[in-house]
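Okay, structure first, notes after.
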Amino acid sequence: NKTEKALPENGWGMRIDEFFDDNVTIVNKAANGRSTKSFINEKRWDGVLEKLKAGDFVFIQFGHNDEKIDKPGVGTTLEEYKSNLILFVNQAREKQANPVLLTPIMRRSFKKGVFADSHKGYPDVVRKVADSLKVPLIDMHRKTEKLLVSLGEQGSIKLFNHLDSGHVNYPNGVKDNTHLNIEGAKEVAGLVVEGIKETKISLVRYLKK
């Protein structure tokens, strides 16, 4: 979860619990700037595995930082990315937990009013791993593209961390087209919920009516 000094920057993992009843506990282990590689190397994945119990669901979403191949400690090739996702899936299953793969969400990336995908081949790797290992897939890449295109270049600003100068946490203002604000996080969490319904995983029964 984001620190106080980062607000109103939010991630969808901070808002997903609002869609579930009290029988579900959400533990959000997402962290800014991490790729599959750095999440493993910093022992963050070990921390997830230690707490995993049979029947738990593990939502696995990476990609934004794996793409940064100019950062050796962070970026991964498509092949490394694939291997790391397979590792996460297999190790979660060894604990009798239920992995769910999510493609990365889109950045707000418009060029001359036309939406442009900045994710290269990474989302497709997730789709192929999900298909080959029979893992439920929530295609957030496509869902968020549809959302951003429907809102347009100006309308989509309202979902992202854009602030004028004078904000207590961003005195000089900010124009961040990667990270969501509270409204955006709620909207994207709603798309995750839509995906939960589409995949028919058993978490559906715990969604608020």
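Scan region 177-189 for residues that are surrounded by 17 or more Cβ atoms within 10 Å (Cβ to Cβ) and assigned to a helix (DSSP H, G or I) and report the count.
Adding up the residues that qualify gives 6.
For region 151-175, which residues satisfy the criterion of being under 21 Å from the mean Cα position of the chain (by Cα) and either closer than 16 Å to D117 by Cα or without any contact (Cβ under 8 Å) to a residue 12 or more places away in the chain (or both)? Lay out the reasoning, then the answer.
Within region 151-175, the subset under 21 Å from the mean Cα position of the chain (by Cα) is 151, 156-162, 175.
Residues satisfying the conditions are L151, S156.
Can you give me the ranges of the helices (runs of 4 or more DSSP H) entirely in region 3-98 with at least 3 residues that are surrounded by 15 or more Cβ atoms within 10 Å (Cβ to Cβ) and hydroxyl-bearing (S, T, Y)? So that I can check it myself, show each step before the final result.
Numbers: elements: 36-41, 44-51, 78-94.
Hits in region 3-98: none.
I'd like to know if region 100-107 contains one or more residues that are in contact with an Asp or Glu (Cβ under 7 Å, 6 or more places away or on another chain), hydroxyl-bearing (S, T, Y), in a helix (DSSP H, G or I) and open to solvent by less than 20 Å² (accessible area, probe 1.4 Å).
Within region 100-107, the subset in contact with an Asp or Glu (Cβ under 7 Å, 6 or more places away or on another chain) is 103, 106.
Going one step further and asking which of them are hydroxyl-bearing (S, T, Y), we end up with 103.
With the extra rule that they be in a helix (DSSP H, G or I), the set shrinks to none.
Looking through region 100-107, none of the residues is in contact with an Asp or Glu (Cβ under 7 Å, 6 or more places away or on another chain), hydroxyl-bearing (S, T, Y), in a helix (DSSP H, G or I) and open to solvent by less than 20 Å² (accessible area, probe 1.4 Å).
The values are calculated or read from the model by the stated rules, or taken from the named source; none is laboratory data. All values reported here derive from a predicted model rather than from experimental measurement. In this analysis, Cβ positions are derived from the backbone assuming ideal geometry, glycine residues included, and neighbour counts consider all displayed protein chains. Each accessible area value is taken on the protein alone, full model and side chains, heavy atoms only, with ligands, DNA and RNA left out. Shrake-Rupley method; radii C 1.70, N 1.55, O 1.52, S 1.80 Å.
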